[in-house]
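Every number in this text was worked out from the coordinates using simple rules, so none of it is lab data. The structure displayed is predicted, hence computed values, not measured ones. All Cβ positions, even for glycine, are placed from backbone atoms using ideal geometry, and neighbour counts span all protein chains on display.
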Amino acid sequence: MGVVTDPARAAGAGGRQGPKQDRSRATRQRLLEAAVSCLAERGWAGSTVSVVAERAGVSRGAAQHHFPTREDLFTAAVEYVAEQRSRALRALPARTRPETVAALVDLYTGPLFRAALHLWVAASDEPQLRERVTELEARVGRETHRIAVDLLAADESRPGVRETVQGLLDMARGLGLANLLTDDSARRDRVVAQWGRIVEQALGGDG
């Protein structure tokens, strides 16, 4: 005798699976957000899986179900940070180039970038983590450069334009590093304003 499938029961099973998947995604999201917060506030040494799980309101076992190792958790957290940064970039409305320069710098001086910096420091002493983070950051760097080119309407076929865009991103990264120790906002505002003028002059009538 063949197996008879009850459509109602099948639909019910599918319906039960949906909420379970939603809960799983929500748990993963909480863990990633907690990992980012812990890195920004405690650094690598103070950001254990147990600490992150407690902050996320889940058990250590649940955390390890999603991320079997500490390296898995924090590499995923940096990828999450990168995705958030990219999403913020893509969501920027059309602006003048100086305003775009300021918006790019904001990404490198906020809590998301601060968390990424802590992971970079940790990766310098953790060979397994270093390989994964280096690969991820290379991809993020390429994407950030591409998005910046689009936002600035930069024509990289012109001599010096690519270097100008990369110099802007390097400058923004340096300001993010400086911001770790002190509130450097007053000096940063002057530097950003000057870079806005430099970019506008270097890119000319591309926009």
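Under 12 Å from the Cβ of R197, count the other residues' Cβ atoms, weight Lys and Arg +1, Asp and Glu -1, and hand me the total. Can you show the working numbers first?
Values: positive: R97, R190; negative: E200.
Neighbour charge sum, excluding R197 itself: +1.
Quick one: in the chain, what % of C-alpha pairs are over 29 Å apart?
More than 29 Å apart: 39 percent of the Cα pairs in the chain.
In debye to the nearest 20, how big a dipole does segment 118-188 give about its Cα centre with +1 on each Lys and Arg Cβ and -1 on each Asp and Glu Cβ? Provide the component values of the computation, followed by the final result.
Details: 10 positive and 13 negative charges, 29 e Å.
My answer is approximately 140 debye.
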_Integer Hz, Karplus 6.51/-1.76/1.60 couplings in order for segment 170-182, x for Gly and Pro_ = 5, 4, 4, 4, x, 5, x, 5, 4, 6, 5, 9, 9
*With label points built 7 Å along Cα→Cβ from the Cα atoms of S24 and R95, find their separation and express it in nm.*
3.9 nm
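Any idea what the relative contact order of the chain is, in percent, if you count C-alpha pairs under 8 Å spaced at least 6 apart? Working shown, then result.
Numbers: 166 pairs, mean separation 46.6, N = 207.
The value is 22 percent.
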